[in-house]
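Right, one structure below, let's go through it.
The values are calculated or read from the model by the stated rules, or taken from the named source; none is laboratory data. The model shown is predicted, which means the values in this text are computed figures rather than measured ones. Cβ placement follows ideal geometry from the backbone for every residue including glycine, while neighbour counts extend to all protein chains displayed. When the accessible area is computed, the model is the full protein with side chains, heavy atoms only, and any ligands, DNA or RNA have been set aside. Shrake-Rupley method; radii C 1.70, N 1.55, O 1.52, S 1.80 Å.
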Amino acid sequence: MANRITPKNIMEDLVENKLDELMRAANMCCCERCRADVKALALNKLLPRYVVSVGGEVYSRFEELSTQNQANITAAIMAAIRVVRQNPHHDAKYD
């Protein structure tokens, strides 16, 4: 059976790489629900970057490391943190 080729949104990985650091720096609840909510909101504000090949993934990751792209990712996560902090969906046990 041949390897399946599937598209991958590398923006998810780029957000994931900054998520915990920014949530901790903002003194944000890092429970599974808050983390997922912040990630989803941030990803909805960012353009997806789909790749299907190893070479394409390397090129796209290099392109995404530009200062402007990193600033866009950070801004999207911080905006999502503000929204989730004001409207948390987690159980009271996480407060």
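Suppose accessible area is computed on protein heavy atoms with a 1.4 Å probe; arrange T74, T6 from highest to lowest.
Sorted by accessible area, descending: T6, T74.
From a point 7 Å beyond the Cα of L65 in the direction of its Cβ, which residues of segment 1-30 have a backbone N at a distance under 12 Å?
Those under the cut-off are none; the list is empty.
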